[in-house]
Amino acid sequence: MTRAGRLTFAALAVPNYRRYIAGQSVSLVGTWMQMTAQSWLVLTLTHSSTALGLVVAAQTLPVLLLAPYGGVIADRVDKRRLMVILQTAMGVQALVLGVLTISGAARVWEIAVLAALLGLNNAFENPARQSFILEMVGPEHLRNAVSLNSVLVNVARAVGPAVAGILIATVGDGVCFLVNAASFVAVVTSLLTLDRGALTPSTPALRQPGQLRQGLRYVARTPDLAIPLLMMALAGTLAYEFQVSLPYMAKEGLGVGAAGFGFMTAAMGVGAVVGGLFIAGRGRIGLRFLTVAASAFGVTMLFAAVAPTLAIELVALALVGASSVAFMSTGNATLQLGADPAMRGRVMSLWFVAFQGSTPIGGPIVGALMAVAGARAGLGLGGLTCLLVALIGVLALRRMGRRGREPSGAVVGVAG
């Protein structure tokens, strides 16, 4: 049992990572509070799943357009310094949104503009943050650190929406945005106080013309990177649209209100925490494990789509959380460890585009589908998409087998 615990939490042996994850734990709770409050605010103002999908699309469109270039920048500069600047800007965005909401001046177009500014920030911050993890923990702890990050995100997903639901019902949406603004102090402080001597930064790429195209060509000729990216692009477009599908499912499909929506999102987070801790101690990466995770993700989403009551929905969403974090963390670590260090920022920017940048396409599709076919159709479409993703993985594994290649299925070493 003691050894299992050491394996599960191996990356916490790195002092810089402990400091970093402590700051992130505070900030991410605030982030999930803001995401929950923003979705509910838009629905309250418009009563439209289509409008909600469009606002989410506005937040993620800059990611689709600019995150690949954000990866180029991440390969060129000091990632820690870039993250400090951009995390500070995120805090300012949350503060403005909170003041507008509390004053009663918030309009849908203003929310959309602020969401777009946040997306612009994310397009440059996320590639730097994803590739910075390796500089903190080294390759031996990367898979574990990625899994623990996923656990942290989903602990925040469990706590943040539940707190947001209570605050929305008692003091209003605006307080959620102000709490999120204050939470960025923790993450910025953690980044500023890291031991820079213990970091192992990759050699910055020299500024050259065509670096973005170079990164795209590199991925295109590397199947072990291209196939997971394709799988995440499909899942990211139509399955990871929970900002759109869950609030509408709560409001129209189950009729459970803001508090019920908070518990639904929290249940998904609890499942993801349990699943993430299970995965963190095993360290398996590669296409085979990514395919298994996609299959589980699809089946559990279909279960959530047909759940008749809130109680059954909470169980289904816990399973969705576990399978979704397995798919996401396996793909993330597979790409980071498979990418050339000089290309890692660009590869992870494409991962972010596939995961979140696809939302401007998928968000409106899912929102419009639910407006026509009902609240359950959004989760159902996501489930069917994940099963298609799993089929792509199976076909790719068979093709690699016919070519005499050993399909990826490595176990990443972690310190005991």
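Spherically averaged projected area of the convex hull of Cα atoms, the stretch 1-137: 10.2 nm². Note on the chain: Cα convex hull, mean projected area over all directions, 18.9 nm². Spatial offset of the stretch 275-322 relative to the stretch 232-251 amounts to 14 Å, using the alpha carbon center of each. Taking all protein chains together and a 1.4 Å probe, the residues Asp75, Asp195 rank Asp195, Asp75 from largest to smallest accessible area. Answer rounded, prolate or oblate for the stretch 11-86, using the Cα gyration tensor with square roots of eigenvalues a ≥ b ≥ c: rounded when a/c is under 1.5, else prolate when a/b is larger than b/c, else oblate. Note, shape of the stretch 11-86 comes out oblate. Plainly put, the stretch 296-388 has a radius of gyration that is 1.06 times its Kirkwood radius, both from alpha-carbon atoms, as the Rg/Rh ratio. Solvent-accessible area assigned to carbon and sulfur over the chain amounts to 69 percent, based on a 1.4 Å probe. The Glu110 and Val394 beta-carbon pair, evaluated with R₀ = 56 Å, returns a calculated FRET efficiency of approximately 0.75. Take each peptide in 176-186, 33-43, 97-107, count the other Cβ atoms within 10 Å of every residue, and average; sorted highest first, the result is 33-43, 176-186, 97-107.
Taking the radius of gyration and the Kirkwood hydrodynamic radius from Cα positions alone, what is the Rg/Rh ratio for the stretch 130-264, to two decimal places?
Looking at the stretch 130-264, the ratio lands at 1.06.
Rounded to the nearest Å, what's the spacing between the alpha carbon centres of the stretch 117-148 and the stretch 68-105? Just the number, please. Their Cα centres are 15 Å away from one another.
Normalising the average separation of contacting C-alpha pairs (under 8 angstrom, six or more residues apart) by the number of residues puts the relative contact order of the stretch 205-310 at 24 percent. Rolling a 1.4 Å probe across the protein heavy atoms gives the chain an accessible surface of 38 Å² per residue. Working from label points 7 Å from Cα in the Cα-to-Cβ sense, the Leu199 to Arg76 distance is 1.8 nm. For the stretch 1-126, the relative contact order is 36 percent, taking Cα pairs closer than 8 Å that sit 6 or more residues apart in sequence and dividing their mean separation by the residue count. Relative contact order, whole percent, for the chain stands at 30, derived from Cα pairs under 8 Å and 6 or more residues apart.
Dividing the summed -39500 (n - 2.57) terms of all DSSP H runs of n ≥ 4 by the residue count of the chain sets its mean residue ellipticity at 222 nm at -27500 deg cm²/dmol.
The values are calculated or read from the model by the stated rules, or taken from the named source; none is laboratory data. A quick note: this is a predicted structure, and the numbers were derived from the prediction, not measured. Neighbour counts are summed over all protein chains in view; Cβ atoms, including those assigned to glycine, are modelled from backbone coordinates with ideal geometry. Heavy atoms of the whole protein, side chains included, go into the accessibility calculation; ligands, DNA and RNA do not. Shrake-Rupley method; radii C 1.70, N 1.55, O 1.52, S 1.80 Å.
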